[in-house]
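Before any comments, here is the structure.
Readers should treat all values here as calculations from the given coordinates under stated rules, not as data from a laboratory. Source: prediction; values computed, not measured. A quick note on method: Cβ atoms are made from the backbone with ideal geometry, for glycine too, and the neighbour counts reach across all protein chains shown.
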């Protein structure tokens with residue numbers, strides 16, 4: 001059969017197929033792994049946080065219940081023993097503070113070079129500030145007005161640095177009775193400065209059990225500026241265990257006003273401006 005005959009026979013059937021309606025596609029369905037039941041297997045971030053909080057709360061409640069049960073089991077003899085133990089602790093703490101006060105703790109004082117060794121032997125913790133008021137030294141001679149200006153600026157800078165450190169150490173001495181805070185004039189103590197290798201001023205020598213454990217040299221570890229806050233210095237001393245640091249800084253508890261505080265250098269500049 002030739003091609004023409006084949007097309008003639010197939011033509012009616014082809015027309016019928018063209019008139020047939022197209023099949024309707026099946027409705028879209030979500031994949032099995034995206035169903036709500038599957039989402040329940042993966043909790044959201046809020047649910048995870050809530051579960052963690054509930055776990056912590058449950059642990060705290062259990063601990064409190066245990067402590068309450070222990071207190072309920074105490075009899076009069078146990079309570080009396082606890083009371084006596086607490087009184088002994090308070091007595092020892094009072095005696096320790098009295099001994100510290102007798103040694104000069106709680107104050108920021110200046111000592112001479114000959115008193116240094118006796119001072120560090122008497123106290124377990126000592127913070128010693130080596131300073132210098134008049135700088136450059138007495139042998140410095142200015143040969144020009146420019147050198148005079150440089151000398152005046154350097155002298156003012158060293159004086160302000162000493163005052164800044166004095167201000168912060170005075171606050172810390174009042175807050176940390178466990179540590180003795182002292183200062184020594186470096187120029188008047190040549191033997192001590194050479195023995196302890198004091199080169200940069202100001203320098204803090206952090207001493208424990210009559211041995212220098214660490215140094216705070218200049219202001220590099222305090223932000224590189226003399227406008228650091230007392231809390232920065234307190235945390236630095238605590239890292240070397242020169243003071244006892246318990247949680248929140250004690251200096252922050254003294255801040256009762258949000259008014260910004262001027263630095264010592266700013267006060268010095270303001271006073272000089274007023275005088276002019």
task = Quickly run through the range 187-199 and pick out the residues that are farther than 10 Å from residue 113 by Cβ and crowded, with 17+ Cβ neighbours inside 10 Å.
result = 196, 198
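Under the condition of being in a helix (DSSP H, G or I) and in contact with a helix residue (DSSP H, G or I) (Cβ under 7 Å, 6 or more places away or on another chain), which residue from the range 84-120 is nearest to residue 211 (Cα to Cα)? Working first, answer last.
Kept after step one, since they are in a helix (DSSP H, G or I), are these residues of the range 84-120: 84-103, 113-120.
Next, from what is left, pick out any that are in contact with a helix residue (DSSP H, G or I) (Cβ under 7 Å, 6 or more places away or on another chain): 103, 113, 116.
Details: 103: 18, 113: 16, 116: 12 Å.
In this case the residue turns out to be 116.
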